[in-house]
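Before any comments, here is the structure.
The values are calculated or read from the model by the stated rules, or taken from the named source; none is laboratory data. What you see is a predicted model; the values in this text were computed from it and never measured. Backbone-built Cβ (ideal geometry, glycine too); neighbour counts: all protein chains shown. What goes into the accessible areas is simple: the full protein's heavy atoms, side chains included, and nothing from ligands, DNA or RNA. Shrake-Rupley method; radii C 1.70, N 1.55, O 1.52, S 1.80 Å.
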Amino acid sequence: MVETSAALERLAEVAALERSPRARRMLVIVNPYATTMSDRVKSLVVYALQGRYDVHAVDTQAKGHAIELCREAAHEGYDVVVAFGGDGTVNEAANGLAGSKTPLTCLPGGATNVYCRMLGIPTDVVDATEHLLGLADDWRERRVDLGRLDDRRFTFSAGMGLDASVVERVDRNPRLKARFGPWFFAQSAVKTFLSRYLVRPPRLEIEVDGKKVRGVSAFVQNGSPYTYFQARPIHIAGESELDSGDFSGAVLMRASAVDVPTVMFRALSRRAEVGRHRRVHPFAHVHEVCVRSVDGRPVPIQVDGDHISDEVEARFRVEPKALRVVS
């Protein structure tokens, strides 16, 4: 922590000497409860960014607050919004900025920071702050896709079934999530599988490109990888990119005591492919994925690593070029 503070202070001193008279207006949206957040880190990061930008920082107060803040920022003509938190904060920021001219970027404050990595932003907060300072001299906006489920957008992934059930369990224990990170996810995955999927798992029907597949879980990717376990990427299907205009993903057709461990081995492996598993049906280059609970039981749904609801039906659609980013 001391080293981080000292490094941020040095960055701020250097950046202050280089600030242009017409600095871009930047809104920094801070999740004060994010895994790696503290008041001192937030203050030092904002102080450093003020060396190159006209910065205004706001803490989120409740779930959904970042969506409102971003809509206001777009309306007021901010040059950029920085989501400083985890992937949940980034998701809300993307929902608020979708379809606007205001670009999004992010700083890592969560446990995994998937979207930061996908945009090429370092996961160390000092390196990431230095990266954002450098963007002031090399400003390149681009447009990327978003996924959509009803009125909720997602930036990199969504799912219905096993992964969403795991996320639901993890979200109920934020302290353990913050303390143990991916290891708590792993433990929760085992418990969830044993309690909800080994006996009488969900029965889903997934429609992709006019074809219907039966399974217990559906995974939808708006980019690659699907997520990370510590520094290791988890690949479910690797044929979609943030700006490819389509989805990729997979259907887990069965969840037995043999199938799930071997699927997880493939997901973590650098060589074995999940899509080649005999109980996995992969898909790619699709624009819509429809999932329905065959027996009428509501099934958990997650977007960008947050459980949002339990539903009997879900329709995932891609929105090409819906979000502007700078990274």
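In this structure, T123 does not satisfy being buried (at least 24 other Cβ atoms within 10 Å of the Cβ) and among the β-branched types (V, I, T). Within region 243-271, residues that are on the phi > 0 side of the Ramachandran plot have Cβ atoms under 9 Å from residues that are charged (D, E, K, R) and open to solvent by 20 Å² or more (accessible area, probe 1.4 Å) in these pairs: G245/K321, counting only partners at least 6 apart in sequence or on another chain.
Of all residues in region 61-114 being among the β-branched types (V, I, T) and under 18 Å from G147 (Cα atoms), which is surrounded by the fewest Cβ atoms within 10 Å (Cβ to Cβ)? Among residues in region 61-114 that are among the β-branched types (V, I, T) and under 18 Å from G147 (Cα atoms), the one surrounded by the fewest Cβ atoms within 10 Å (Cβ to Cβ) is I67.
Of the residues in region 250-260, at least one is crowded, with 24+ Cβ neighbours inside 10 Å, closer than 14 Å to R279 by Cα and out of contact with any Ser or Thr (no Cβ under 8 Å at 6 or more places or on another chain).
Of the residues V190, V166, V144, the single one that is in a helix (DSSP H, G or I) and open to solvent by less than 20 Å² (accessible area, probe 1.4 Å) is V166.
Step by step: first the residues of region 193-213, then only those that are in a strand (DSSP E or B) and touching a residue at least 24 places away in the same chain (Cβ under 8 Å), then the one that is most open to solvent (accessible area, probe 1.4 Å). Which residue is that? By that ranking, first place goes to E207.
In region 27-60, what residues are part of a strand (DSSP E or B) and open to solvent by 60 Å² or more (accessible area, probe 1.4 Å)? Break it down stepwise before answering.
Of all residues in region 27-60, those part of a strand (DSSP E or B) come to 27-30, 54-59.
Of everything in region 27-60, those that are part of a strand (DSSP E or B) and open to solvent by 60 Å² or more (accessible area, probe 1.4 Å) turn out to be D54, H56.
Are any residues in region 17-31 among the hydrophobic types (A, V, I, L, M, F, W, C) and either more than 19 Å from D79 (Cα to Cα) or at pLDDT 95 or above (or both), and if so, which ones?
L17, M26, L27, V28, I29, V30
Checked against (1) within 19 Å of Y115 (Cβ to Cβ); (2) open to solvent by 40 Å² or more (accessible area, probe 1.4 Å); (3) not β-branched (V, I, T), F247 passes all but condition (2). Residue-level check: of (1) in a strand (DSSP E or B); (2) in contact with an Asp or Glu (Cβ under 9 Å, 6 or more places away or on another chain); (3) open to solvent by 40 Å² or more (accessible area, probe 1.4 Å), K177 misses just (1).
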